Amino acid sequence: MAQEQTTDPINSLLAEFGTRLNEVEEKQRLLRDRALLIGENLISTKEENNNENQELRNKVNTLETEIKDLKKLMKRVINELENFVRKEEFEILKKQFDMFQPLKLARVKDVEDMISQHLNLKTSNPSK
């Protein structure tokens with residue numbers, strides 16, 4: 001019986017030790033699974049970030065190209081603006097055109113017709 005009493009606490013300690021060992025192994029397995037899941041999430045997040053980074057780089061390159069094209073276009077427009085007439089210059093030309101009024105100028109034939117009409121009137125009406 002003495003031997004049973006000494007083995008009984010040893011068996012209970014071994015059983016308790018086995019139970020605790022199983023709990024520690026279960027916790028270790030859960031931690032390993034969590035670590036693997038975190039690693040997978042980290043890898044997928046890194047891939048997503050790399051993809052976003054590449055997309056942003058492409059957009060930046062596209063924007064840089066568009067900005068360069070716009071700068072070239074602006075330079076061309078600025079250079080072309082020098083070829084256009086300024087408002088003041090246009091006003092001067094308009095005044096000169098209004099003074100000249102080519103539509104109101106008489107042709108030589110018109111002047112001859114007016115003279116002949118006037119002479120005809122004088123000859124037909126000598127009292128004037």
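Bear in mind these aren't lab numbers, they're just calculated from the coordinates by the rules spelled out. Keep in mind the model is a prediction, meaning the values are calculated, not measured. In this analysis, Cβ positions are derived from the backbone assuming ideal geometry, glycine residues included, and neighbour counts consider all displayed protein chains.
Looking only at the stretch 42-85, count every residue that is outside any helix (DSSP H, G or I) and surrounded by 10 or more Cβ atoms within 10 Å (Cβ to Cβ) and tell me the total. Steps first, please.
First, the residues of the stretch 42-85 that are outside any helix (DSSP H, G or I): 82-85.
Next cut, surrounded by 10 or more Cβ atoms within 10 Å (Cβ to Cβ) only: 85.
So the count comes out to 1.
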Find the residue count for the stretch 86-114, including only residues that are surrounded by 10 or more Cβ atoms within 10 Å (Cβ to Cβ), assigned to a helix (DSSP H, G or I) and either β-branched (Val, Ile, Thr) or touching a helix residue (DSSP H, G or I) at 6+ places or on another chain (Cβ under 9 Å) (or both). 2
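This table checks each residue for (1) within 33 Å of the chain's Cα centre (by Cα); (2) of a type in the set (Ser, Thr, Tyr).
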position	(1), (2)
Pro9	no, no
Arg20	no, no
Val24	no, no
Leu36	no, no
Ile43	yes, no
Asn49	yes, no
Asn53	yes, no
Thr65	yes, yes
